[in-house]
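Okay, so here's the structure we're looking at.
All of the numbers you see were taken from the coordinates with simple rules; none came from a lab. Just so it is clear, the model here is predicted, and its values are computed rather than measured. Counting neighbours? That spans all protein chains shown, and the Cβs are built from the backbone with ideal geometry, glycine included.
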Amino acid sequence: MATQDSDHHAVANADGDETAAAGQAYFDKIIAADSRIEPPDWMPDGYRKTLIRQISQHAHSEVIGMQPEGNWIGRAPSLKRKAILMAKVQDEAGHGLYLYSAAETLGIPRDVLNDQLIAGKARYSSIFNYPARSWADMGAIGWLVDGAAICNQVPLCRASFGPYGRAMVRVCKEESFHQRQGFEILLELANGTPAQKQMAQDAVDGLYAPALMMFGPPDSDSAHSSQSMAWNIKRFSNDELRQRFVGMIVEQVKVLGLTLPDDDIRFNEETGKWEYGELDWDEFNEVLAGRGPCNAQRLTRRREAHENGAWVREAATAYAAEKAKREQVA
Amino acid sequence: MNTEDTQTGSGGAHWPLWEIFVRSARGLSHVHAGSLHAPDADMALRNARDLYTRRNEGVSLWVVPASAIIASDPDAKGEFFESPQGKDYRHATYYTKSEGVKHL
């Protein structure tokens, strides 16, 4: 719980080297045993910082991720699809909250994280800076983007930091519906008119490479990977997860009767791994640096939503204060 | 610190922190599901319903102010939980001579 954690962190710092050495030894023992670190435990500053960065980026991604799909709620092709999309967007909000809660146990308040996001100082998954242009994109986002997210998140259920792992268990349980509903959208379109099938193919063509890039830069360029793996936060490298994902979708796309826009996909018998074509990492870095197709729009919308919600937060606070006052009088 | 979370903040993060416990079915205990911020208990309950029971995960909810939870000292876990150490005879598995005896 956040209460104990902030306390403990302050004490650990004040007690000096001896406490830190004992703490480090205990921490190392827990990691070596592949057990879990809980918020009140001593942890190295780097571990805490890495987790705050990763969990908050993850939370921000869930929150920003509501936008491309929220954009299609009013234009969903049927009442059923509209209800499904609303449930999915509500899930993303919930996932953001689970993750902010997990981050808070590390001693960072949610409003600080929120301020970082709306000030443009925090990162979130680059995928959400691409536009959702057609209804078929809702399908491809569910199938490929949520599919990649699941591939990434399932091993995170075993992350060494307890609250993060527990949040991921909840998230993963809920994500599988997201991926299936997306696949179903594509399947229906792929079996529809030639124009609908083309729309589905265009969506897959557009989102394939960005989805593969969700796993992060190649292992050779990944700044944080090896330390995160030593700490049992990450269990597999970016490239390992990306290869695994390619192996899954290469089979699934056959069921859709569509193709992946990559002629270099092949299974390497020697290494036992899937290979794929070169990805455009310059584009990835551009989007990450804030120069993607929708970066500015996503942040503007987020800021507006936060500001437009101020009166609700104020009213809730005032109501609670007034009620507490009346209860005290009575 | 959450004990000081009485002032209001623009992001709602200064609302008190509540720990949420969900009873998933009749006959089972409430289990800790997570936490959330809310200005009062009523809103904590409503938010907890929306956040933790969107798929019939619960038949009952408890919301508890995080500041009301008294926890054992994380630094003293060694001493505090020392007493059961070395007392294997408190477990049925300690008694091996009766192995093979039925219904025991």
Label A:Phe267 and B:Ala76 with points 7 Å out from Cα along Cα→Cβ: what is the distance between them in nm? 5.9 nm
From the backbone phi of the stretch A:50-67, what are the Karplus-calculated ³J(HN,Hα) couplings (6.51 cos²θ - 1.76 cosθ + 1.60, θ = phi - 60°) in whole Hz, Gly and Pro given as x? 4, 5, 4, 5, 5, 5, 6, 4, 5, 4, 4, 4, 5, 5, 5, x, 6, 5
Where does each of A:Ser101, A:Ser134, B:Ser72, B:Ser35 land when they are ranked from fewest to most other beta-carbon atoms within 10 angstrom? B:Ser72, A:Ser134, A:Ser101, B:Ser35
Which part of the stretch A:257-298 falls in the paramagnetic zone of A:Met248, meaning amide N under 15 Å from the point 7 Å along Cα-to-beta-carbon? A:274
Distance in nm between A:Arg133 and A:Glu188 label points, each 7 Å along Cα→Cβ, equals 2.3 nm
Could you check the simple spin-label distance between A:Asp205 and A:Lys49, using points 7 Å along Cα→Cβ, in nm with one decimal? 4.5 nm
Name the most mobile residue of B:Asp50, B:Asp40, B:Asp88, meaning the one with the largest mean-square fluctuation, in a Gaussian network model of chain B with Cα contacts below 10 Å. B:Asp88
Can you put B:Asp73, A:Asp41, A:Asp205 in order of Cβ neighbours within 10 angstrom, beginning with the fewest? B:Asp73, A:Asp205, A:Asp41
Spherically averaged projected area of the stretch A:140-190 from its Cα convex hull (nm²): 3.1 nm²
Values of log10 I(q)/I(0), in the order q = 0.13, 0.14, 0.18 Å⁻¹, for the stretch A:48-180 under a Debye, Cα-only, solvent-free model: -0.53, -0.61, -0.98
Which of the lysines could a cross-linker span from A:Lys173 if the Cα-Cα distance has to be under 28 Å and same-chain partners fewer than 8 positions apart are dropped? A:Lys49, A:Lys80, A:Lys82, A:Lys88, A:Lys234, A:Lys254, A:Lys273
Report Rg (one decimal) and Dmax (nearest whole number) for the stretch A:173-330, counting Cα atoms only, units Å. 22.9, 78
Just the C-alpha atoms of the stretch B:14-94: what Rg/Rh do they give, with Rh taken as the Kirkwood radius? 1.16
By how many nm would the segment from A:Ala305 to A:Ala324 grow when fully extended, if each residue of separation counts as 0.36 nm and the alpha-carbon distance is taken off? 4.0 nm
Given the C-alpha centroids of the stretch A:157-206 and the stretch B:59-104, what is the distance between them in whole angstrom? 42 Å
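In peptide A:84-95, what is the residue-averaged number of other protein chain Cβ atoms found within 10 Å of each Cβ? Walk me through the intermediate numbers first.
Values: counts 0, 0, 0, 2, 0, 0, 3, 2, 0, 2, 4, 0.
Averaged over the peptide's residues, the number is 1.
For B:Ala25 and A:Ala87, what is the calculated FRET efficiency with R₀ set at 22 Å and r taken between the beta-carbons, to the nearest 0.05?
My answer for the efficiency is 0.45.
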Within the stretch A:160-188, which residues have the backbone N less than 15 Å from the label spot 7 Å out from A:Ser78 along Cα→beta-carbon, could you tell me? A:181-188
Rounded to the nearest 0.05, what FRET efficiency do A:Cys172 and B:Val101 have when you use their Cβ-Cβ distance and R0 = 41 Å? 0.35
Let me know the mean shielding of A:104-111 by other chains, meaning the per-residue number of their Cβ atoms within 10 Å of its Cβ. 4
Using θ = phi - 60° and the Karplus form 6.51 cos²θ - 1.76 cosθ + 1.60, what ³J(HN,Hα) does each residue of the stretch A:68-77 get, whole Hz, x for Gly and Pro? x, 8, x, 4, 10, 4, x, 10, 4, x
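Kirkwood Rh over Cα pairs of chain A into Stokes-Einstein at 4 °C, 1.567 mPa s: D in µm²/s?
After rounding, the answer is 60 µm²/s.
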What is the magnitude of the charge dipole of chain B about its Cα centre, with +1 placed on the Cβ of each Lys and Arg, -1 on the Cβ of each Asp and Glu, and no other charges, expressed in debye to the nearest 20? 780 debye
If you plug each phi of the stretch A:176-189 into the Karplus form 6.51 cos²θ - 1.76 cosθ + 1.60 with θ = phi - 60°, what whole-Hz ³J(HN,Hα) values come out, in order, with x for Gly and Pro? 5, 5, 4, 5, 5, 5, x, 4, 5, 4, 5, 4, 5, 5
Rounded to a whole number, the mean other protein chain Cβ count within 10 angstrom for residues of B:62-75 is 3
For A:Val287, B:Val31, what ranking results if the residue with the fewest other Cβ atoms within 10 Å of its Cβ goes first? B:Val31, A:Val287
